[in-house]
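Note sheet for the following structure.
The values are calculated or read from the model by the stated rules, or taken from the named source; none is laboratory data. None of the values given here were measured: they were computed from a predicted structure. Cβ sites come from the backbone with ideal geometry, for glycine too, and all protein chains shown count toward neighbours.
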């Protein structure tokens with residue numbers, strides 16, 4: 001318990017203060033920022049990114065990386081769109097989409113554990129293959145119009161709360177419980193901290209690595225369901241750059257690229273910070289190119305801080 005409290009005090013709480021500071025800045029510079037409509041819009045936009053970032057958290061905790069998430073989200077959306085237009089029932093389409101996510105994650109995981117390829121190269125290749133296959137299947141065109149029962153997952157509401165937000169929060173809760181309160185979660189942290197020591201202690205390290213990439217693939221499938229349902233369209237260019245935001249959110253939230261450190265709570269705060277920054281810059285009419293530069297600078301600073309902390313510990 002002391003370790004958890006210390007972790008919160010040293011990382012999540014500091015990031016949370018940063019989120020409040022950025023929110024305060026945008027609330028002063030834009031009268032629209034603090035309106036209930038805008039705040040709900042930030043949470044809604046962040047929910048899609050948040051689902052992807054949760055999967056990315058599992059991967060980064062083991063010292064890996066998944067660059068394919070944006071392309072896999074787009075590909076899952078196009079595959080679902082084609083199945084829906086073919087008359088396949090919605091529940092079956094969603095089930096197949098989840099299994100598709102499992103398959104993509106398992107492909108990446110096995111490539112890393114069995115062929116011993118580097119996670120960066122594997123997921124970079126999957127990113128290119130998935131985006132290319134998305135273009136082939138859609139013929140480079142957007143696919144429109146799906147059943148209302150499918151769109152409900154992206155645009156429906158339970159009372160005043162969007163279904164998308166509910167899915168994100170439930171998914172985050174499940175991930176938090178799994179990571180912090182199960183043997184599997186402790187094994188994931190152990191593998192990220194020292195994979196050789198974990199193997200010597202009897203942990204099935206290859207199984208753990210396969211599992212975290214499967215979680216990332218499932219997260220992409222869920223995000224694909226939400227995004228496609230919300231837009232009522234499957235675009236071959238959808239989710240471009242989502243991998244950048246997901247990685248940024250996890251690192252900003254206190255995770256270490258070297259593995260073994262990070263929490264779902266921190267990731268959620270990181271996701272909200274990215275969402276607030278994106279929203280605030282749009283409200284202030286910051287040019288898109290500068291927005292990209294600023295997000296890149298934020299990632300650089302977060303990684304630099306993590307690198308300095310690791311160097312200090314090693315020293």
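Checked against (1) out of contact with any strand residue (DSSP E or B) (no Cβ under 8 Å at 6 or more places or on another chain); (2) surrounded by 20 or more Cβ atoms within 10 Å (Cβ to Cβ); (3) not in a loop (DSSP other than H, G, I, E, B), residue 296 passes all but a single condition, namely (2).
For the subset of the stretch 127-146 comprising residues that are exposed (fewer than 14 other Cβ atoms within 10 Å of the Cβ) and touching a residue at least 40 places away in the same chain (Cβ under 8 Å), which member is farthest from residue 82 (Cα to Cα)? Step by step, filter the stretch 127-146, then rank; the result is 128. For the stretch 150-166, indicate whether the set of residues that are surrounded by fewer than 18 Cβ atoms within 10 Å (Cβ to Cβ), touching a residue at least 24 places away in the same chain (Cβ under 8 Å), out of contact with any helix residue (DSSP H, G or I) (no Cβ under 6 Å at 6 or more places or on another chain) and within 22 Å of residue 89 (Cβ to Cβ) is non-empty. For the stretch 150-166, residues surrounded by fewer than 18 Cβ atoms within 10 Å (Cβ to Cβ), touching a residue at least 24 places away in the same chain (Cβ under 8 Å), out of contact with any helix residue (DSSP H, G or I) (no Cβ under 6 Å at 6 or more places or on another chain) and within 22 Å of residue 89 (Cβ to Cβ): present.
Among the residues of the stretch 104-112, are any modelled with pLDDT of 95 or more and outside any helix (DSSP H, G or I)? Among the residues of the stretch 104-112, not one is modelled with pLDDT of 95 or more and outside any helix (DSSP H, G or I), which makes the answer no.
For the stretch 172-276, list the helices (runs of 4 or more DSSP H) that sit wholly inside it and hold at least 1 residues that are surrounded by 17 or more Cβ atoms within 10 Å (Cβ to Cβ), touching a residue at least 60 places away in the same chain (Cβ under 8 Å) and more than 15 Å from the chain's Cα centre (by Cα); which are they?
183-193, 195-200, 205-231
Per the conditions (1) touching a residue at least 60 places away in the same chain (Cβ under 8 Å); (2) surrounded by fewer than 16 Cβ atoms within 10 Å (Cβ to Cβ); (3) more than 19 Å from residue 207 (Cα to Cα), the sole criterion not satisfied by residue 114 is (3). Give all pairs with beta carbons closer than 9 Å in which a residue from the stretch 290-312 that is without any contact (Cβ under 8 Å) to a residue 24 or more places away in the chain meets a residue that is exposed (fewer than 13 other Cβ atoms within 10 Å of the Cβ) and outside any helix (DSSP H, G or I); count only pairs at least 6 apart in sequence or on separate chains. Pairs found: 292/241. Restricting to helices (runs of 4 or more DSSP H) lying wholly in the stretch 1-99: which have 3 or more residues that are surrounded by fewer than 24 Cβ atoms within 10 Å (Cβ to Cβ) and modelled with pLDDT under 95? Filter on the stretch 1-99 gives 2-7, 13-29, 36-61.
Residues in the stretch 149-162 that are assigned to a helix (DSSP H, G or I) and farther than 12 Å from residue 227 by Cα: 149 alone.
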